[in-house]
Amino acid sequence: MFPVMFMDCWSLYILDTEKKIVMVLDPTETDPSDEMKRKHEALARKFQRRFYNLFNDKFGAGLVETTGWSFVYSLVAQHEPCTREDGVVYVVHYILEFTGLYLRSNMNQEQIEHLRKKIACEIVTMKGNKGCIPEFLYEEILD
């Protein structure tokens, strides 16, 4: 799974090297039209080519097949298209909840806000980060 920033929005590219499938999940494009495919097709193909070239260069030619790949622009997300600002929260949710076929759960607005706070807290408290959470924000962030 690879979070990808494209056109100021976060998406998730999933590469299955055994089945030779690239799946694209874009939380800002969740309607049944081909908009996601039009938006991502060129970049997804470029990403896949660069992935197998890099992988084969580093670990030995032939480990990742270079032909016969399929591209899937999945509509597994059963939610309205989100804003660019919420995109990263949805991508983290996809990483945590996507089984390969479907999302185990959807998020409501309260859960989106909670996950946003959790991500912010984990970033601020990450090892090596010189910052700290001011005392007066603990209740706000860690509710």
Could you list all residues from the range 32-48 that are of a type in the set (A, V, I, L, M) and in contact (Cβ under 8 Å) with a residue 40 or more places away in the chain?
none
Hey, any hits in the range 62-77 for a residue that's touching a residue at least 60 places away in the same chain (Cβ under 8 Å) and within 16 Å of the chain's Cα centre (by Cα)?
no
Can you tell me which residue in the range 7-28 is nearest to TYR73 (Cα to Cα), limited to those that are open to solvent by 50 Å² or more (accessible area, probe 1.4 Å) and touching a helix residue (DSSP H, G or I) at 6+ places or on another chain (Cβ under 9 Å)?
TRP10
Is at least one residue of the range 79-96 under 30 Å from GLU110 (Cα atoms), of a type outside the set (S, T, N, Q) and touching an Asp or Glu at 6+ places or on another chain (Cβ under 7 Å)?
yes
Out of the residues in the range 101-143 meeting the condition of being hydrophobic (A, V, I, L, M, F, W, C) and open to solvent by 100 Å² or more (accessible area, probe 1.4 Å), tell me which one is modelled with the highest pLDDT.
LEU101
Could you list all residues from the range 71-87 that are touching a strand residue (DSSP E or B) at 6+ places or on another chain (Cβ under 8 Å) and at pLDDT below 90?
VAL72, TYR73, SER74, VAL76, ALA77, GLN78, ARG84, GLY87
Just to be sure I understand the filter: pairs with C-beta atoms under 7 Å, separated by 6 or more residues or on different chains, first member in the range 116-137 and closer than 20 Å to ARG84 by Cβ and of a type outside the set (Phe, Trp, Tyr), second member outside any loop (DSSP other than H, G, I, E, B) and at pLDDT below 70. Which pairs pass?
LYS117/ILE141; ALA120/ILE141
Counted residues, the range 29-40 - those being within 21 Å of THR83 (Cβ to Cβ), open to solvent by 30 Å² or more (accessible area, probe 1.4 Å) and modelled with pLDDT under 85:
5
Considering the range 41-85 alone, what residues qualify as being among the basic types (Lys, Arg) and surrounded by 11 or more Cβ atoms within 10 Å (Cβ to Cβ)?
ARG45, ARG49, ARG84
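The values are calculated or read from the model by the stated rules, or taken from the named source; none is laboratory data. Keep in mind that what you see is a predicted model, and the values were worked out from it rather than measured. When we count neighbours, we look across all protein chains shown, and the Cβ atoms used for this are built from the backbone with ideal geometry, even at glycine. Each accessible area value is taken on the protein alone, full model and side chains, heavy atoms only, with ligands, DNA and RNA left out. Shrake-Rupley method; radii C 1.70, N 1.55, O 1.52, S 1.80 Å.
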